[in-house]
1. Considering only residues of the stretch 49-88 that are within 17 Å of Leu11 (Cα to Cα) and β-branched (Val, Ile, Thr), which is nearest to the chain's Cα centre (by Cα)?
2. Taking the stretch 1-47 as the region of interest, how many residues are among the small types (Gly, Ala, Ser) and within 26 Å of Trp74 (Cβ to Cβ)?
3. Looking at (1) crowded, with 16+ Cβ neighbours inside 10 Å; (2) without any contact (Cβ under 8 Å) to a residue 12 or more places away in the chain, which one does Val91 not meet, given that it meets all the others?
4. Of the residues that make up the stretch 101-110, is at least one touching a residue at least 24 places away in the same chain (Cβ under 8 Å) and surrounded by 11 or more Cβ atoms within 10 Å (Cβ to Cβ)?
5. Going through the stretch 89-106 one residue at a time, which ones are assigned to a helix (DSSP H, G or I) and either on the phi > 0 side of the Ramachandran plot or under 14 Å from the mean Cα position of the chain (by Cα) (or both)?
6. Does any residue in the stretch 48-65 that is in contact (Cβ under 8 Å) with a residue 12 or more places away in the chain and hydroxyl-bearing (Ser, Thr, Tyr) come within less than 6 Å, Cβ to Cβ, of a residue that is surrounded by 11 or more Cβ atoms within 10 Å (Cβ to Cβ) and in a helix (DSSP H, G or I) six or more places away or on a different chain, and which pairs are these?
7. Need at least 1 residues that are out of contact with any Leu (no Cβ under 8 Å at 6 or more places or on another chain), farther than 29 Å from Pro114 by Cβ and at pLDDT below 95 per element, so show me which helices (runs of 4 or more DSSP H) inside the stretch 1-88 make the cut, counting only ones lying wholly within it.
Amino acid sequence: AKNLKRQELWLAKYSEWVLREETLLKMLEWYAQSKHNWQYDTQYRGKRIKHWLDREKYAQLEKTYSGSGTAENWRALDALITLFEEAAREVGQHLGYQYPEQLAGKVVKYINIPSSS
């Protein structure tokens, strides 16, 4: 978000990749595995993700990709956060954890995604 606010596209795209590769992918793997009693092969680094992730989540994942426009990058970041939160809630529920709604709300508020995006 900081890089988008500063219009630093190079760094924003790098940050987007890191978030997707290191954070979102792991949560989506856990999400898919939790749906199959943790006995599910999610391949390696997202390989065949279209096959192991359910259609709804995959459609949401597609919205996390963007080009070079600032507004579309904000929309992609918003989609990434939404997808992560939904998957995290379900994974947490499978594991008996309560999602930290208040903390998550503070983080989203801090990021301050423009409403026009």
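The values are calculated or read from the model by the stated rules, or taken from the named source; none is laboratory data. Because the structure is a prediction, the values reported are computed rather than measured. Cβ: placed from backbone, ideal geometry, glycine included. Neighbour counts: every protein chain shown.
1. Applying the filter and picking the extreme gives Thr64.
2. Number of matching residues: 4.
3. (2)
4. Scanning the stretch 101-110 turns up at least one residue that is touching a residue at least 24 places away in the same chain (Cβ under 8 Å) and surrounded by 11 or more Cβ atoms within 10 Å (Cβ to Cβ).
5. Arg89, Glu90, Val91, Ala104
6. Going by the 6 Å Cβ cut-off, the qualifying pairs are Thr64/Ala76; Thr64/Ala79; Thr64/Leu80.
7. 25-34, 49-52
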